[in-house]
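Heads up, the thing below is written out as structure tokens.
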Amino acid sequence: MTESQIKSQVKESVEAVRAQKPLAPSITNTVTINFVANAQLAVGGSAAMVYLPDEGEFVSEVGSAVYINAGTMFPVYEESLPRTAKRLFELKKNWVLDPVGIGIGSLRTKLLAGFKEFPPSIVRGNASEVIALAKLWGIELSTSSQGPKGVDTVDSVNDAENAAKALAKYINEKRGGLGGAVAVSGIEDLVTDGENVVYSKGGSHFMEKITGSGCSLGGVCAVYAGVASPFIAALTATQIYNLAGKRAEAKVNAPASFQVAFLDELYLASAEDVANNPFELK
């Protein structure tokens, strides 16, 4: 894929979301529900937050794509998450997984391991989370990573490139060639479909000072996954986040005002500007 093709498809993705307003329901981190929903709305999508098993299956059928975030665990999720993932897999629907907190607790580990059989279209996480998920799924890697420190990364985006590519290839194969992508968040964000590797630039240091910048990015990935391939969806979400973060930081000097300005910039970003946000295609 060429830079020109990528820009064209990212632009089309932004325009399609704003025209179609795709519904991207979420089973997500309770700490960040509000931010996830507002970010999805700001880019032009529609949000719905659920957590019960039958609700997960229902939104799998009516949603354009679905977002699952493992950040906060409840006993009911032992039934909700596998049933939702299985139904999405059966329907060949796109869905996004954020493996927040991987390695913490037996229930989270069990559920994340189980997603190997019914994998998401897109994995979005920090470098350590992506490496840890690849290890959990038994994908061979040469890395000395010790895994995430709570919800924080101890690895660089570059460290996770091989793991991200391996995961994306596995996802595509398991989904019968329907595509797979991994987005790794960091100082520069990496997005790959297993073959193409893009480093998206921009963002803001304030993103580390607010709760939910990564979680909401996963939700926005799901919005774009309702209208585009997994790779283009993940890249479009990453591009608009980096653009909005950069623009919001230029207008504020503290985290709380940044969050408000950031949502505004997601809403105001033109398709052309998102497509032209600086990136490097390896």
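Which condition number does Gly203 fail, the rest of (1) crowded, with 21+ Cβ neighbours inside 10 Å; (2) in a helix (DSSP H, G or I); (3) among the small types (Gly, Ala, Ser) being met? Here Gly203 clears every test but (2).
For the residues Glu208, Glu249, the requirement of being among the acidic types (Asp, Glu) and out of contact with any helix residue (DSSP H, G or I) (no Cβ under 8 Å at 6 or more places or on another chain) singles out Glu208. Collect the residues in segment 52-104 that are of a type in the set (D, E, K, R) and closer than 25 Å to Ala19 by Cβ, keeping them in residue-number order. Of everything in segment 52-104, those that are of a type in the set (D, E, K, R) and closer than 25 Å to Ala19 by Cβ turn out to be Glu61, Lys92, Lys93. Going by the structure shown, is Lys165 surrounded by fewer than 18 Cβ atoms within 10 Å (Cβ to Cβ) and either free of Cβ contacts under 8 Å to residues at least 60 places away in the same chain or part of a helix (DSSP H, G or I) (or both)? Against the criterion (surrounded by fewer than 18 Cβ atoms within 10 Å (Cβ to Cβ) and either free of Cβ contacts under 8 Å to residues at least 60 places away in the same chain or part of a helix (DSSP H, G or I) (or both)), Lys165 does not qualify. When segment 200-227 is filtered for residues that are among the aromatic types (Phe, Trp, Tyr) and over 15 Å from the mean Cα position of the chain (by Cα), only Phe206 remains. Scanning segment 31-60 for residues that are out of contact with any helix residue (DSSP H, G or I) (no Cβ under 7 Å at 6 or more places or on another chain) and closer than 23 Å to Lys174 by Cβ yields one hit, Val59. So, of the residues in segment 179-195 that are of a type outside the set (D, E, K, R) and either over 17 Å from the mean Cα position of the chain (by Cα) or at pLDDT below 95 (or both), which turns out to be nearest to Pro99 (Cα to Cα)? Filtering segment 179-195 for residues that are of a type outside the set (D, E, K, R) and either over 17 Å from the mean Cα position of the chain (by Cα) or at pLDDT below 95 (or both), the one nearest to Pro99 (Cα to Cα) comes out as Ser185. Against the test of being touching a residue at least 24 places away in the same chain (Cβ under 8 Å), among the hydrophobic types (A, V, I, L, M, F, W, C) and closer than 21 Å to Phe115 by Cβ, the options Ala233, Ala244, Ala275 yield a single qualifying residue, Ala233.
Considering segment 67-93, and only residues there that are surrounded by 15 or more Cβ atoms within 10 Å (Cβ to Cβ) and part of a loop (DSSP other than H, G, I, E, B), the residue that is farthest from the chain's Cα centre (by Cα) turns out to be Met73. Could you pull out the residue among Ala168, Ala183 that is of a type in the set (Gly, Ala, Ser) and touching an Asp or Glu at 6+ places or on another chain (Cβ under 6 Å)? Result: Ala168 is the single residue among Ala168, Ala183 that is of a type in the set (Gly, Ala, Ser) and touching an Asp or Glu at 6+ places or on another chain (Cβ under 6 Å). Report, by residue number, each residue of segment 225-260 that is surrounded by fewer than 21 Cβ atoms within 10 Å (Cβ to Cβ) and part of a helix (DSSP H, G or I). Scanning segment 225-260 gives Lys246, Arg247, Glu249, Pro255, Ala256, Ser257, Val260.
Of the residues making up segment 182-221, those that are closer than 19 Å to Ile232 by Cα and among the small types (Gly, Ala, Ser) are Ala183, Ser185, Gly186, Gly194, Ser200, Gly202, Gly203, Gly214, Ser216, Gly218, Gly219.
In segment 94-127, the qualifying residues are those that are of a type in the set (S, T, N, Q) and assigned to a helix (DSSP H, G or I), and the one that is farthest from Glu161 (Cα to Cα) is Ser106.
The values are calculated or read from the model by the stated rules, or taken from the named source; none is laboratory data. These numbers come from a predicted model, not from an experiment. All Cβ positions, glycine included, derive from the backbone under ideal geometry; neighbour counts span all protein chains shown.
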